[in-house]
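Reading through the structure tokens given below for one structure.
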Amino acid sequence: MMRPASQPNRPEGLGRRYPVWSHGLLTTMMIVLAWVHVLAAMIWLGGMVFLSVVLMPVFRRGTFGADRRILFQALARRFRIVAWIMIGILVLSGPLLISSRTGTLEEPEAWRSVLHLKLWLVAGLVLLTAVHDVWLGPLVGRLRREAAEIPSPADLLLIRVAAVVARLGLLLGVVVLFLAVALART
């Protein structure tokens with residue numbers, strides 16, 4: 001039996017009317033893996049958006065006093081754990097998803113170029129996150145705990161650099177998300 005031209009890559013007998021589990025266990029597992037991958041990215045990026053766009057503006061305008069620092073540090077520590085778990089999930093699931101898509105060397109060159117760009121940006125994002133979480137964040141937290149009433153110019157610079165690194169991470173995350181959608185749609 002010949003396949004209709006509208007479904008050139010589907011095995012015979014697998015049309016849209018069949019449920020996802022009828023496509024076979026491997027296909028279902030890949031769908032679940034892609035879902036887990038997207039969920040992990042959503043949690044990581046969503047947390048960055050929440051911290052930058054919701055929490056920080058509220059803290060800057062609010063009258064939380066000394067509790068602001070304590071609350072932010074507690075939230076940041078908790079999010080750091082969640083973020084690194086999500087990064088681990090992404091690092092484990094990403095190569096599996098790539099290998100399922102690029103099993104041959106016949107992929108279009110443009111698709112591979114976008115994939116390489118995305119992977120480099122992901123590496124940069126993980127590096128920025130590590131610098132922020134391991135060095136800058138704890139350093140700024142210590143500075144704010146131990147600082148005198150008026151922070152030194154060097155302390156202010158470190159605080160600004162930490163904020164810029166966090167925002168740059170968010171920007172890279174949004175660009176990676178765009179590239180992921182571009183890859184999925186091609």
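Read-outs throughout are calculated quantities, based only on the coordinates presented, and are distinct from any laboratory measurement. Since the structure is predicted, the reported quantities are computational estimates derived from the model, not experimental observations. All Cβ positions, glycine included, derive from the backbone under ideal geometry; neighbour counts span all protein chains shown.
For the reader, a short list of remarks on this structure follows.
- Multiplying the residue separation of VAL164 and VAL53 by 0.36 nm and removing their Cα-Cα distance gives an extension gain of 38.6 nm.
- Placing dummy labels 7 Å off each Cα toward the beta-carbon, the span from ARG112 to ARG60 is 4.5 nm.
- Per DSSP, loop trypsin sites (Lys or Arg not before Pro) in segment 122-162 with at most 16 further Cβ within 10 Å: none
- For segment 94-186, the list of GluC sites (Glu not before Pro) that fall in a loop by DSSP and count at most 16 other C-beta atoms within 10 angstrom reads GLU106, GLU149.
- FRET efficiency, ILE85 to LEU156 (Cβ-Cβ, R0 30 Å, nearest 0.05): 0.40
- Theoretical gain in end-to-end length, ILE70 to LEU177 [0.36 nm per residue, Cα-Cα removed]: 35.3 nm
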